[in-house]
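Chemist: Dropping the structure in here first, questions after.
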Amino acid sequence: MKANPNQNQSSTASLRPETAVARIAAFRHRGLLLAALALLAFVPYWPSLSNGILGWDDPCYLTRNYRVHQLSWATVQDMFRLTPQLGPMPNGQYTPLVELSFAVEHYFFGLDPLVYHATNLALHVLNTLLVFWFVLRLWQSRAKTDVPALPLAFLVGAFFAVHPLHVESVAWITERKDMLSGFFFLLSTSLYLRFAEKRSVWAYGGSLVAMALGLLSKQMVVALPLVLVVCDYFRAGRLSVRTLLEKVPFFALAATGAGVAFYTHLADRIVTTAEVLNWGENLLVASRGVIHYLHTFLWPISLSAFYSLAPWPEILNAEFVLSAVAVCVLLALSFAYRRRWPVVFFGWMFFLAALLPSSRLVPVGVRYLAADRFFYIPGIGFLIVTAWLVLRVWAVRTAWCPVLALGVLTLIGTWSALTWERTKVWESDTTLWDDTAPKAKDSTVILVAMAQQDLSNSALSNAVAKAFAVLEKKPQDATALNILSEVAYQDGDLEKCISFAQFADDYAGNLVLMNRPRWADALCLLGRDGEAEPILRSIVQVMPLATPVYSRLALIQLRRGDLAAVEKCLDEGLDTESKAIDRYQTLWGDPLALPRDLQDLPAWQKKMAASIQTLSEHYEFIRTAHLEVKREDLALEEYARYLSYLPACVRVWEVAAERRPGDRNINATVNQLNRKLAVTYYNHACLLNRKNQPDQALEELQLALERDASLIHDAMRDRDLTSLHDQIQRLNLLMAPENDLHADEGQPSSALVLQPPRGES
């Protein structure tokens with residue numbers, strides 16, 4: 001009996017893969033898909049939550065950014081100024097929303113790295129969901145599609161969530177810029193697509209607002225109007241006058257953003273520090289960068305935080321020329337077959353349009369070939385093409401479906417594993433540079449970063465070697481000169497410190513203020529106050545919240561005998577911290593509601609108590625400076641002044657710890673300040689004994705040991721306390737039963753012992 005052909009067709013159709021795909025597309029419970037995408041975006045980046053704050057750009061955006069540390073209406077206003085009063089913008093970039101987000105986090109959580117990494121990760125999860133929304137709307141707005149929208153959107157979102165090229169953007173705190181600007185970029189494009197489909201005025205206005213917010217996060221969003229044009233062409237297969245006119249406000253915003261970016265870069269001397277190429281050379285570099293992104297997208301192995309670029313004459317080699325030829329061929333083919341392969345043309349155009357601001361066609365700042373962070377939004381174009389190819393093969397090659405499904409799962413799993421491991425590279429400066437240095441071909445940027453790391457770890461000889469290696473390649477590198485200035489200062493060679501600082505200042509660009517405090521320190525210690533004062537004044541003109549600078553100015557006035565001027569300088573420094581009191585009151589109520597014995601503190605001492613970590617530098621510096629110039633009597637006076645309020649300041653933080661017992665930052669501060677107080681008592685005892693005041697010295701030493709018993713080991717070996725060793729033995733015996741100090745008496749203290757200021761050893 002002959003079978004019914006229609007029946008067979010129906011039966012076959014029910015089993016065809018495209019039918020299953022269609023059923024998924026009709027599935028309305030999208031919440032499960034969104035939850036799956038959120039999980040995919042979160043899990044591979046879990047290690048980033050334990051990462052720290054890096055020394056690469058994190059200081060200028062976060063740890064040393066005065067606007068971030070002093071959240072107030074005045075500082076918020078300053079964030080949005082094109083000519084800020086509180087110092088140059090980070091790396092010459094106008095990113096007020098990024099600074100504001102950091103300031104809010106700092107206000108509530110201090111410098112806890114977990115908070116900043118968690119925010120970045122949360123934004124990446126949101127961006128993954130927005131990618132899903134964007135692709136879904138884009139496909140649903142097309143009149144003719146060859147693959148269903150929902151599976152495509154899910155697959156693109158999954159690829160976006162786990163691709164290893166996104167690690168730099170997510171795991172590096174500084175790249176909050178990518179997270180925020182990417183969020184507003186995707187939100188703007190999605191709202192515009194809704195406008196294009198529904199003609200909603202609210203969606204159009206929301207798209208413009210989102211673009212403006214994106215520009216306040218990172219100027220790379222200037223490419224958004226071009227991306228919208230590409231989307232319109234893909235949706236309709238053509239461009240009309242009407243659709244182009246709808247982009248006029250977007251292009252106006254983009255032009256404004258580009259102007260702001262150029263102005264801020266020029267103001268901070270970023271543009272002028274870039275090596276200028278002609279148009280043809282720029283094109284070669286940009287083409288090589290495009291091929292690099294294509295290669296790392298397909299093969300994300302051996303990624304690096306920095307892809308160095310060869311010296312400019314060498315870019316005319318075959319590699320760069322062939323890259324330019326390859327890009328031209330790909331452009332020509334995609335354009336010629338734009339009707340047959342519209343998705344490929346769209347993905348290629350999306351990538352190039354979104355990448356344009358960060359391509360090397362307009363080179364500024366650091367010399368690099370490419371950067372993983374620049375792929376975060378442009379790479380969506382490649383991801384769309386990849387997902388489309390998978391679903392096209394799925395639809396037309398039935399026998400390949402199991403292989404394709406296994407291949408997709410393997411690809412997502414592999415990318416997730418690579419992302420997990422790559423995230424660990426960004427854990428610390430050590431892990432980052434250990435990974436980057438072998439790949440960067442002795443780049444001066446990497447050498448400088450490693451030299452700074454060595455300096456922070458007190459590996460001075462290594463820092464000097466790397467700094468000189470940088471100067472051999474780039475004699476005008478201000479950061480390397482600044483490192484040499486700092487090392488010379490720590491070695492006591494103040495004249496050399498000043499010379500290096502002067503050279504660094506000439507070439508510093510946007511780093512102009514980095515070396516000036518140390519420069520002024522060296523001049524002050526040499527008694528060259530007349531040279532130091534204008535340098536210090538230039539700092540406070542630009543950064544009025546640079547509290548430690550006022551202590552240097554106070555020292556100059558002290559030497560002149562102008563006590564009124566000393567008081568004025570200190571008061572100016574103290575006033576810069578007045579906003580900290582408001583912060584403490586917000587968190588804990590009145591921080592000065594202390595026991596009765598502290599109620600009678602003068603107002604200026606209360607201000608100091610509210611900002612001890614910053615304000616302690618006032619008197620510490622003055623005291624150390626007196627010792628440097630052998631004015632021990634004056635140093636004793638400063639010790640007395642310092643110790644008149646430091647115990648009260650410790651008590652302030654102890655009260656805060658009692659009110660917020662689970663706050664790790666507050667508890668760490670209490671421990672740090674107790675240690676500081678103990679070492680201060682110890683150093684004071686050393687100086688008192690040298691000045692033939694043994695009774696007072698013994699009293700101070702006892703106070704030190706009450707705070708930190710481990711200091712007994714140092715006291716037993718300290719030449720400045722030789723005449724007190726009998727009394728120290730007695731103190732040791734008294735404290736031994738409780739602290740078991742005899743167990744390791746001959747061993748160095750396990751606690752970190754702060755070295756006395758120079759001149760006190």
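Every number here is computed from the coordinates shown, using simple stated rules; none is lab data. From a predicted model like this one, the values you see are computed outputs, not experimental measurements. In this analysis, Cβ positions are derived from the backbone assuming ideal geometry, glycine residues included, and neighbour counts consider all displayed protein chains.
Chemist: Please list 106-117, 350-361, 58-69 highest first by mean number of surrounding beta-carbon atoms within 10 Å per residue.
Modeler: 350-361, 58-69, 106-117
Chemist: How do Trp139, Trp341, Trp133 rank when sorted from fewest to most other Cβ atoms within 10 Å of their own Cβ?
Modeler: Trp341, Trp133, Trp139
Chemist: How high is the relative contact order of the range 108-174, in percent, with contacts defined as C-alpha pairs under 8 Å that are six or more residues apart?
Modeler: 44 percent
Chemist: I need Leu39, Leu32 ordered by Cβ neighbour count within 10 Å, fewest first.
Modeler: Leu32, Leu39
Chemist: Which FRET efficiency value, to the nearest 0.05, is calculated for Glu427 and Leu244 with the Förster distance at 30 angstrom and r the Cβ-Cβ distance?
Modeler: Calculated transfer efficiency: 0.05.
Chemist: What is the packing order of peptides 193-200, 282-289, taking the mean over residues of other C-beta atoms within 10 Å and listing the highest first?
Modeler: Highest to lowest by the protection proxy: 282-289, 193-200.
Chemist: Sequence gap at least 6, Cα distance under 8 Å: using those rules, report the relative contact order of the range 117-232 to the nearest whole percent.
Modeler: Value for the range 117-232: 27 percent.
Chemist: FRET efficiency for Ser200 and Leu82, Cβ-Cβ distance as r, R0 = 35 Å, nearest 0.05?
Modeler: 0.55
Chemist: For the cross-link pairs Lys474/Lys496; Lys466/Lys676; Lys473/Lys496; Lys496/Lys676, which exceed 24 Å when the distance is taken from alpha carbon to alpha carbon?
Modeler: Lys466/Lys676; Lys496/Lys676
Chemist: Please sort 721-728, 385-392 by packing, taking for each peptide the average over its residues of neighbouring beta carbons within 10 angstrom, highest first.
Modeler: 385-392, 721-728
Chemist: Further question: Can you give me the distance in nm between label points at Ala122 and Leu333, each placed 7 Å from the Cα along the Cα-to-Cβ direction?
Modeler: 4.5 nm
Chemist: Oh, and also: Check Tyr307: other-chain or 5+ apart residues with amide H under 5 Å from its amide H, H built from backbone geometry?
Modeler: Here the answer is Leu369, Ala370, since their amide H atoms fall under 5 Å of that of Tyr307.
Chemist: Whole Å is fine, so just give me how far the alpha carbon centre of the range 117-188 lies from that of the range 676-713.
Modeler: Between the Cα centre of the range 117-188 and that of the range 676-713, the gap is 60 Å.
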